[in-house]
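*Asks:* Before anything else, here's the structure in question.
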Amino acid sequence: MCGIIGYVGHQDAFPILEQGLRRLEYRGYDSFGFATQHEGTLHITKSAGKISGATLTPLPGSIGIAHTRWATHGGVTDENAHPHVDCSGSIAVVHNGIIENFQALRAELEKKGHSFSSGTDTEIIAHLIEEQKTDFVEAVRKAACRLAGRFAIVAEHAGDKLLVGVRRGSPLIVGTGKDELFVASDIPAFLTHTKTVMYIDDGEFVVLSTEPKFFSIETGEPVTKRRIEVSWDAADAEKGDYPHFMIKEIMEQKETIQRAIHQDDNEIQRIADAIKNAYGTFFIGCGTAAKVCQTAEYLFSRIAQRHVNFVPASEFASHEHFLKENTLVIAVSQSGETADVLEAVETAKKKGAKVIAIVNVTGSSLTRIADTSFLINAGPEQAVASTKATTAQLALVMMLAYATAGKLDEGRRLLVDTAGMVNDMLNPRYMKLVEGIAKQMTNKRNAYIIGRGLNFPMALEAAIKIMEVSYVHAQGFAAGELKHGPIALIQQGEPVIAIIPQDETHDAMISNVMEVKARGGFVIGVSPKNNPEFDAWIRVPDARNASPIVSIIPIQILAYYLGVARGCDVDKPRNLAKSVTVK
Ligand code: G6P
């Protein structure tokens, strides 16, 4: 993950870029850099290290780009910091994402005489643009056509009073002010200057000069866009001053998935090896954490072809006879204080089993009694309904599954991609859409959620979320079980949320949706693809094995808005507590 900001206008670009970078620092902070344009020349400064704390000398000009980096290709050095330039030093590029075919492109460009000064994939973009030998905008488009992978790019050329932003898979948003334009990875980067935004969609590029102009990368044809006003207040966004902790924590998932996967690879691999050699592995937890543990069964089966057991911590005592010295118990808990979890762990330890904790609160009881602890680094979670801890736990469990399969790097790449997709999803337009669907459900007494495979446990978790914050009776089912009883509950207008990823469960899920429709159910599809059978569609990205992460987030949002619309105390639901320290 990296942060990008660009500015074209009538003011000095540098202070605006600097302020924007500081707001984007959560996206990565191992190096930073700027490139501005003044009197037909590029002025560049870049450095390894954090921008916060750095003393900067302003660069001249009213056009510029800037970047804060989270290293993927190439170590953390001054040379690898963005922006990167072509051979002539007149084209500068900042980039977020990964160019998958960069080695082949670099070899091709080197053969043609281009010389490189960094180890990044980004630098090839500047040279590839240079190589097109046509006008700058068309050169960027042609270069983009040759790039494989997921990325966002902003490029400038000395003497052309414009910026070109390209998006395929990584976030990039345009802000429009009075006689000035912004482009950034996230809205808060320019929120003190404008609340008017325009979304670049995947496969498009934008030219920013006087008016933003959008085009398709593939065809070069113009694309029409709407201006959208965001309701965020700049100060609120900075302070994280949301009306409730729950929505603040939902939004924090832009960062927390990334933080969860920031682990010591050797430790992850050591535990993965222990799982391979264990006499049985149990995943235990309570409430939402238990649903993460249940998902672990599917993840390990799918990714590592290995059987692990899920047991709710409160039921663990019944399984103690299966414990041996080389049994592994993986306890998942946000607080690390849940009584049923602690008791189960004590039982396991008495039998000589090894205990691994996946926990959020450092120094909690669980971390003290476990043999090894992984911290999910989600920051304090204060709303009773767990949101950001859930997806962070899912990410960490996924890393373990990939490591067990000997594919830790592949797992990390998927999760880095997924973190980018989540960042993309959590935009004001998306929140409004989900709020609208929640409002349609305000007066409903029941809601049902169905899923298969990886997303069956997420259907159960979705029911917990809706129930606890809105008090609407909600139940989750394995979609295939629907016709063995639950379908009797479906009546005219009854909301049924169907989680349908782009995997092998897709077609069977659509059949189940049709069974619901035939009984008058109101179907809300949570899916990367719309379907004529859906009455409402909540679009989610296609995150492959990480689909539980991207599927549960919109349902957290739905539950939140449903609770608010029904006048519930969403942060402190009745009868519940954040940390359940009694049996
Ligand atoms: C309570 C909370 C849930 C949480 C569960 C387990 O029921 O309301 O949000 O999932 O406890 O808590 P833990 O701290 O062990 O994850």
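The values are calculated or read from the model by the stated rules, or taken from the named source; none is laboratory data. Note that this is a predicted model, so its numbers are computed, not measured. Cβ sites come from the backbone with ideal geometry, for glycine too, and all protein chains shown count toward neighbours. Areas reflect the complete protein model, heavy atoms only, side chains present, ligands, DNA and RNA absent. Shrake-Rupley method; radii C 1.70, N 1.55, O 1.52, S 1.80 Å.
*Asks:* Find the centroid of the Cα atoms in the stretch 155-228 and in the stretch 1-52, then give the distance between the two in whole Å.
*Replies:* First find each Cα centre; the distance between them is then 16 Å.
*Asks:* Please report the antiparallel percentage of DSSP beta bridges with both residues in the chain, rounded to the nearest 5.
*Replies:* Values: 63 of 100 bridges.
Here the antiparallel bridges make up roughly 65 percent for the chain.
*Asks:* Could you state how much accessible area Thr288 has, in square angstrom rounded to the nearest 10, with a 1.4 Å probe and all protein chains kept in place?
*Replies:* My reading of the accessible area for Thr288 is about 20 Å².
*Asks:* If you place +1 on the Cβ of every Lys and Arg and -1 on the Cβ of every Asp and Glu, how big does the dipole about the Cα centre of the chain come out, in debye to the nearest 20?
*Replies:* 1260
*Asks:* Here's a follow-up. Tell me, how many Å apart are the Cα centres for the stretch 254-331 and for the stretch 514-548?
*Replies:* 29
*Asks:* Taking the Cβ-Cβ separation of Glu533 and His10 as r and a Förster radius of 41 Å, what is the calculated FRET efficiency to the nearest 0.05?
*Replies:* Working: r = 51 Å, r/R0 = 1.26.
Calculated transfer efficiency: 0.20.
*Asks:* Here is a follow-up. Convert each backbone phi in the stretch 378-384 into a coupling constant with the Karplus relation 6.51 cos²θ - 1.76 cosθ + 1.60 (shift: θ = phi - 60°), then list the ³J(HN,Hα) values in order as whole Hz, x for Gly and Pro.
*Replies:* 7, x, x, 10, 9, 5, 4
*Asks:* Follow-up. Which value, in Å² and to the nearest 10, is the accessible area of Ile228 when all protein chains are kept and the probe is 1.4 Å?
*Replies:* 30
*Asks:* Taking a probe of 1.4 angstrom, what is the accessible area of Lys195 in Å², to the nearest 10?
*Replies:* Surface accessible to solvent at Lys195 totals approximately 80 Å².
*Asks:* Carbon and sulfur atoms: what percent of the 1.4 Å accessible area of the chain do they account for?
*Replies:* Working: 10800 of 22290 Å².
Carbon and sulfur together cover 48 percent of it.
*Asks:* So, one more: Select from the stretch 11-71 those chymotrypsin sites (Phe, Trp or Tyr not before Pro) which occupy a DSSP coil region and have at most 13 other Cβ atoms within 10 Å, ordered by residue number. Let's see the in-between values first.
*Replies:* Values: sites: Tyr26, Tyr29, Phe32, Phe34, Trp70; in loops: Tyr29, Trp70.
Listed in order of number, the matching sites amount to none.
*Asks:* Restricting to bridges with both residues inside the stretch 444-500, how much of the DSSP beta-bridge set is antiparallel, in percent to the nearest 5? Mind dumping the intermediate values first?
*Replies:* Values: 0 of 9 bridges.
Counting DSSP beta bridges with both partners in the stretch 444-500, the antiparallel share is about 0 percent.
*Asks:* How much area per residue is accessible in the stretch 240-426 when the probe is 1.4 Å and only protein heavy atoms are counted (Å²)? Let's see the in-between values first.
*Replies:* On the way: 6530 Å² over 187 residues.
With all protein chains present, the stretch 240-426 gives 35 Å² per residue.
*Asks:* With labels modelled as points extended 7 Å from the Cα through the Cβ direction, what inter-label distance (nm, one decimal) is found for Ser88 paired with Glu346?
*Replies:* 7.4
*Asks:* So who's got an amide H within less than 5 Å of the one on Arg306, skipping anything under 5 residues away but keeping other chains? H placed 1.01 Å off N, in plane.
*Replies:* Ser301
*Asks:* Residues of the stretch 360-403 with backbone nitrogen within less than 16 Å of a virtual label 7 Å along the Cα-to-Cβ line of Asn277, please, listed as ranges.
*Replies:* Under 16 Å, as judged by backbone N against the label point of Asn277, lie 372 of the stretch 360-403.
*Asks:* Now a separate question. Provide the net charge surrounding Pro58, with neighbours chosen by a C-beta distance below 14 Å and charges set as Lys +1, Arg +1, Asp -1, Glu -1.
*Replies:* Values: positive: none; negative: Asp12, Glu18.
Once all neighbours under 14 Å are counted, the net charge is -2.
*Asks:* Using a 1.4 angstrom probe with every protein chain in place, what is the largest-first accessible-area order of Asp186, Asp265? Display every interim value, and only then the final one.
*Replies:* Values: Asp186 10, Asp265 55 Å².
Ranking Asp186, Asp265 by accessible area, largest first, yields Asp265, Asp186.
*Asks:* Return the loop-located GluC sites (Glu not before Pro) in the stretch 272-341 (DSSP other than H, G, I, E, B) with at most 15 other Cβ atoms within 10 Å of their own Cβ; answer none if there are none. Before the final figure, lay out the partial values.
*Replies:* Details: sites: Glu297, Glu315, Glu320, Glu325, Glu337; in loops: Glu325, Glu337.
Counting only loop positions with at most 15 other Cβ atoms within 10 Å, the GluC sites (Glu not before Pro) in the stretch 272-341 are Glu325.
*Asks:* If you don't mind, another one. Hey, what do the phi angles of the stretch 183-198 turn into as Karplus ³J(HN,Hα) couplings, whole Hz, using 6.51/-1.76/1.60 and θ = phi - 60°, x for Gly and Pro?
*Replies:* So the Karplus estimates, Gly and Pro as x, are 9, 7, 6, 8, 4, x, 4, 10, 5, 6, 9, 7, 10, 9, 10, 9 Hz.
*Asks:* Quick one: order Arg146, Arg167 from most to least accessible surface, probe 1.4 Å.
*Replies:* Arg146, Arg167
*Asks:* What length, rounded to one decimal in nm, is gained on full extension from Lys213 through to Asn266, with 0.36 nm per residue of separation minus their alpha-carbon distance?
*Replies:* On the way: separation 53, 0.36 × 53 = 19.08 nm, distance 4.76 nm.
Extra length from Lys213 to Asn266 when fully extended: 14.3 nm.
*Asks:* For the chain, what is the mean residue ellipticity at 222 nm derived from helices alone (per DSSP H run of n ≥ 4: -39500 (n - 2.57); sum divided by total residues; nearest 500 deg cm²/dmol)?
*Replies:* Details: 17 runs with 205 residues, N = 583.
Mean residue ellipticity at 222 nm (helix-derived): -11000 deg cm²/dmol.
*Asks:* Additional query: How high is the relative contact order of the stretch 427-571, in percent, counting Cα pairs under 8 Å that sit 6 or more residues apart? Numbers along the way, then the final one.
*Replies:* Numbers: 275 pairs, mean separation 42.9, N = 145.
That works out to 30 percent.
*Asks:* Same structure, new question: Skipping prolines and chain starts, which residues have an amide H placed within reach, meaning under 5 Å, of the one on Phe522, given they are 5 or more residues away or on another chain?
*Replies:* Gly493, Glu494, Val496
*Asks:* Starting from the amide H of Ile450, placed 1.01 Å from N in the peptide plane, find each other amide H under 5 Å away whose residue is 5 or more places distant or on another chain.
*Replies:* Counting only residues 5 or more places away or on other chains, the set is Phe477, Ile497, Ala498, Ile499.
*Asks:* Please name which of Ile250, Gly40, Pro222 has its Cα lying farthest along the dipole of the chain towards the positive end, using unit charges on Cβ (Lys, Arg +1; Asp, Glu -1) and the Cα centre as origin.
*Replies:* Ile250
*Asks:* With charges only on Cβ, +1 for K and R and -1 for D and E, what is the dipole size of the stretch 427-571 about its Cα centre, in debye, rounded to 20? Mind showing how you got there, number by number?
*Replies:* On the way: 14 positive and 14 negative charges, 68 e Å.
For this selection, approximately 320 debye.
*Asks:* So, one more: When only DSSP loop residues count, what GluC sites (Glu not before Pro) in the stretch 454-560 have their Cβ near at most 13 other Cβ atoms within 10 Å?
*Replies:* Numbers: sites: Glu461, Glu468, Glu481, Glu504, Glu515, Glu533; in loops: Glu504, Glu533.
When the GluC sites (Glu not before Pro) of the stretch 454-560 are filtered for loop state and at most 13 Cβ neighbours within 10 Å, Glu504 remain.
*Asks:* What helices does the chain hold that run 15 Å or longer along their axis, going by alpha-carbon atoms, with a Kyte-Doolittle average of -1.0 or more, using DSSP H for the helix calls? If you can, show how the numbers build up before the last one.
*Replies:* On the way: long enough: 13-23 (16 Å, -0.12); 136-146 (16 Å, 0.25); 265-277 (18 Å, -0.95); 287-304 (25 Å, 0.32); 339-350 (17 Å, -0.12); 388-404 (24 Å, 1.04); 408-425 (25 Å, -0.14); 428-440 (18 Å, -0.49); 456-470 (21 Å, 1.05); 506-518 (18 Å, 0.15); 547-565 (28 Å, 1.62).
Helices passing the filter in the chain: 13-23, 136-146, 265-277, 287-304, 339-350, 388-404, 408-425, 428-440, 456-470, 506-518, 547-565.
*Asks:* Considering the options Ser90, His321, Thr391, tell which one lies farthest towards the positive end of the dipole of the chain, charges being +1 on Lys and Arg and -1 on Asp and Glu at the Cβ, about the Cα centre.
*Replies:* The residue sitting farthest along the positive end of the dipole is His321.
*Asks:* Suppose the chain between Tyr242 and Lys111 were pulled fully straight at 0.36 nm per residue; how much longer would it get relative to their current alpha carbon spacing? Show your work: numbers first, answer last.
*Replies:* Values: separation 131, 0.36 × 131 = 47.16 nm, distance 5.38 nm.
That works out to 41.8 nm of additional length.
*Asks:* For the stretch 51-62, in order, what is each residue's ³J(HN,Hα) by Karplus, 6.51 cos²θ - 1.76 cosθ + 1.60 with θ = phi - 60°, in whole Hz (x at glycine and Pro)?
*Replies:* Along the stretch 51-62, the couplings run 5, 5, x, 7, 9, 10, 9, x, 9, x, x, 10 Hz.
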